[in-house]
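A quick write-up on the structure given underneath.
The values are calculated or read from the model by the stated rules, or taken from the named source; none is laboratory data. Since we're looking at a predicted model, the values are computed, not measured. Note: ideal-geometry Cβ built from the backbone for every residue, glycine included; neighbour counts use all protein chains shown. Heads up: the accessible areas ignore ligands, DNA and RNA and are worked out on the full protein's heavy atoms, side chains in. Shrake-Rupley method; radii C 1.70, N 1.55, O 1.52, S 1.80 Å.
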Amino acid sequence: MSDVPEVLFVCVHNAGRSQMAAALLAHHAQGRVQVRSAGSAPADRVNPAVVEVMDELGIDVSQEVPTKLLTEDVAASDVVITMGCGDACPIFPGKRYEDWVLDDPAGQGPDVVRRIRDEIDQRVRALLADLV
């Protein structure tokens, strides 16, 4: 693993779970970790309920743009966290992979998305403690 670990969060649309995880890790890590996110089939925009519940924490994801997962993203990462994207993520030897089973915030209201956000936040804090 590099001096500054690189973490990639991957979900299907890169509009909910992976966006929240990336924003939360970047927020908590304060530069100690390089963070990116991507989706196997990216949406047009970040889920509005995700924007709302992240804003409650003072984290603005309103300008984030869902990004297509590229093999290069995986190759450049030390840790790859998948969230419901199945086997769309390429596997490279020597990388750390985790699959976080989380509810999908797509089509859910703020109350459900807030619960998902809080679960992601707990996992992100544990990951950060393990990395730094």
Close pairs from segment 75-89: first under 17 Å from Ala22 (Cα atoms), partner at pLDDT below 75, Cβ under 6 Å, at least 6 apart: Asp78/Met1; Thr82/Cys89
Residue check, Arg36 in contact with a Pro (Cβ under 9 Å, 6 or more places away or on another chain), open to solvent by 60 Å² or more (accessible area, probe 1.4 Å) and either in contact (Cβ under 8 Å) with a residue 12 or more places away in the chain or not in a strand (DSSP E or B) (or both): no
Cβ-Cβ under 8 Å pairs, at least 6 apart or on other chains, segment 115-132 side outside any helix (DSSP H, G or I), far side open to solvent by 70 Å² or more (accessible area, probe 1.4 Å): Val132/Arg32
Any hit, segment 41-56, residues being open to solvent by 10 Å² or more (accessible area, probe 1.4 Å), part of a strand (DSSP E or B) and under 27 Å from Gly94 (Cβ atoms): no
